[in-house]
Structure formats: C-alpha cells, structure tokens
Amino acid sequence: KEKVMYLVIKEDYRRIDYSEYAYEIEMHSNDYSLAVDFADCKQREADEQGKSDYTFKVVQFPSNFKFDSEIEADEERTDVN
C-alpha cells in the first residue's frame with residue numbers, strides 16, 4: 001500500500017484575479033490530524049486578522065513525490081566529485 005502525505009494549502013482568491021485561485025503549500029505531514037489542526041489554526045489566525053481571501057485546506061498527496069528542495073538535497077548527496 002502506498003503511503004500518503006497530507007498537504008496544507010492556502011488558497012488565495014485575490015492573487016491572480018477573482019475568477020482564479022492561487023495556491024501555496026503551508027506545510028506537509030504524514031499525520032492527517034496534525035495537518036487538520038495546523039489548517040484550522042492558520043484559518044482562525046487569518047479570520048482574526050480579517051484576511052477573508054485566504055482559505056486553508058488539507059489535501060492528500062502521494063508521499064513518494066519529491067519537492068524541489070528534496071531533489072536538490074538528493075543531488076548533493078549523490079554527487080561524488
């Protein structure tokens with residue numbers, strides 16, 4: 001069975017134009033409840049600051065996906081020059 005990872009994404013309704021969304025990854029975790037708690041906390045913080053354009057969501061993602069920073073780190077480790 002493939003392991004999954006959970007991303008907390010921030011949807012920003014204003015960034016492009018009002019008909020599209022922009023997404024940023026705020027954090028990633030293998031622990032679903034941790035991701036949900038983090039998203040809830042970030043949402044409360046945005047609401048308290050009056051940032052109604054932001055929505056935080058948890059999405060499931062394959063854990064074998066490598067982010068750019070992880071790929072660069074792997075390349076540095078395998079470089080034997």
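The values are calculated or read from the model by the stated rules, or taken from the named source; none is laboratory data. Computed from a predicted structure; not experimentally measured. Here Cβ is always computed from backbone atoms with ideal geometry, including for glycine, and neighbour counts include all displayed protein chains.
At a glance:
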| quantity | calculated |
| --- | --- |
| Matching residues in region 1-34 - criterion: being at pLDDT 90 or above and in contact with a His (Cβ under 8 Å, 6 or more places away or on another chain) | Tyr6, Leu7, Val8 |
| Filtered residues of region 35-59 (kept if among the charged types (D, E, K, R) and crowded, with 16+ Cβ neighbours inside 10 Å) | Lys42 |
| Selection count, region 37-61, where residues are of a type in the set (Ser, Thr, Tyr) and part of a strand (DSSP E or B) | 2 |
